[in-house]
């Protein structure tokens, strides 16, 4: 299957990442990490809001109390979009690694947040993967470690398998997961991404259990069957640096795709002027719910 992505928001994000559909607000959330802002788009009515911050904001996940869980380079907080205030939950995470920052993250079906770190200087093996329980117990997941650029996360429809991407490995790995305690076991390679597809970045899972992987430098999002490791579809995006994707809309049947402008030359940006925008396809399959923190 092939799809052509259409532009939804000409956001021109420097580093658009981490899209999440907030069912409670009927809106799409995503961050511009380098631009230091959280974005919110309501498809019904076309309303777009931007929330600026003084430091990089690296991921955003709706919280059960109506706020939004945010990660910053070395901290995690709860953001109230009405008042514009952030309540810090945990600070000083990897404070001994000033060049590191949090990257992609999302919640499992129990409301537990998972997120990983990376080096901003492209140093290999400097990152870790953490989970944050709703009771604010933070744990390092050494089963992953060490990682270089922690990115895509997703769970199978039955919540018994967790998928994960460390970008420079060109692999999607799978774990058996015990949701109640967050324990992982039986790490294995589910998919090996051909290098000509470009780096695997963010990821989501559809209701049929297929994986959708965004490709940094690849102008595409690909759909994979994790049981066979076969690529079964491609969504073409008119932007080179495709960062992540998520299902949204009232029926979760729209795939929203983020992209980035950072590091691209003026010549490339002139050739692909929609770069940094948010795109969408309607692939004919629905996605799994995006879970809230807590």
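The values are calculated or read from the model by the stated rules, or taken from the named source; none is laboratory data. Note that this is a predicted model, so its numbers are computed, not measured. Don't worry about glycine lacking a Cβ; one is built from the backbone with ideal geometry, like all the others, and counts go over all protein chains shown.
I'm told residue 67 meets every condition in (1) at positive phi; (2) in contact with a strand residue (DSSP E or B) (Cβ under 7 Å, 6 or more places away or on another chain) except one. Can you identify the failing condition by its number?
Only one criterion is unmet by residue 67, namely (1).
Please go through the stretch 139-168 and give me each residue that is surrounded by fewer than 18 Cβ atoms within 10 Å (Cβ to Cβ) and not in a strand (DSSP E or B), ordered by number.
142, 143, 145, 146, 156, 157, 158, 159, 160, 168
Can you find a residue that is modelled with pLDDT of 95 or more, surrounded by fewer than 19 Cβ atoms within 10 Å (Cβ to Cβ) and within 22 Å of residue 107 (Cα to Cα) anywhere in the stretch 228-246?
no
Restricting the stretch 44-66 to residues that are assigned to a loop (DSSP other than H, G, I, E, B) and at pLDDT 95 or above, which is nearest to residue 244 (Cα to Cα)?
58
Do we find a residue being in contact with a strand residue (DSSP E or B) (Cβ under 8 Å, 6 or more places away or on another chain), closer than 22 Å to residue 162 by Cα and crowded, with 21+ Cβ neighbours inside 10 Å anywhere in the stretch 260-283?
Taking every residue of the stretch 260-283 in turn, none turns out to be in contact with a strand residue (DSSP E or B) (Cβ under 8 Å, 6 or more places away or on another chain), closer than 22 Å to residue 162 by Cα and crowded, with 21+ Cβ neighbours inside 10 Å.
If you go through the stretch 89-103, how many residues are modelled with pLDDT under 95 and assigned to a strand (DSSP E or B)?
Summing the residues that are modelled with pLDDT under 95 and assigned to a strand (DSSP E or B) in the stretch 89-103 gives 2.
For residues that are closer than 23 Å to residue 204 by Cβ and touching a residue at least 40 places away in the same chain (Cβ under 8 Å), tally how many sit in the stretch 134-160. Quick ask: steps written out before the conclusion?
Filtering the stretch 134-160 for residues closer than 23 Å to residue 204 by Cβ gives 134, 141, 143-144, 147-160.
Next, from what is left, pick out any that are touching a residue at least 40 places away in the same chain (Cβ under 8 Å): 134, 141, 143, 149-157, 159.
So the count comes out to 13.
Can you go through 96, 80 and tell me which one is over 19 Å from residue 149 (Cα atoms), out of contact with any strand residue (DSSP E or B) (no Cβ under 7 Å at 6 or more places or on another chain), without any contact (Cβ under 8 Å) to a residue 60 or more places away in the chain and surrounded by fewer than 18 Cβ atoms within 10 Å (Cβ to Cβ)?
None of the others qualify; the one that does is 80.
Give me the strands (runs of 3 or more DSSP E) completely within the stretch 175-216, filtered to those with at least 2 residues that are farther than 17 Å from residue 104 by Cβ, ordered by residue number. So that I can check it myself, show each step before the final result.
Working: elements: 183-192, 199-205, 211-216.
Output list reads 183-192.
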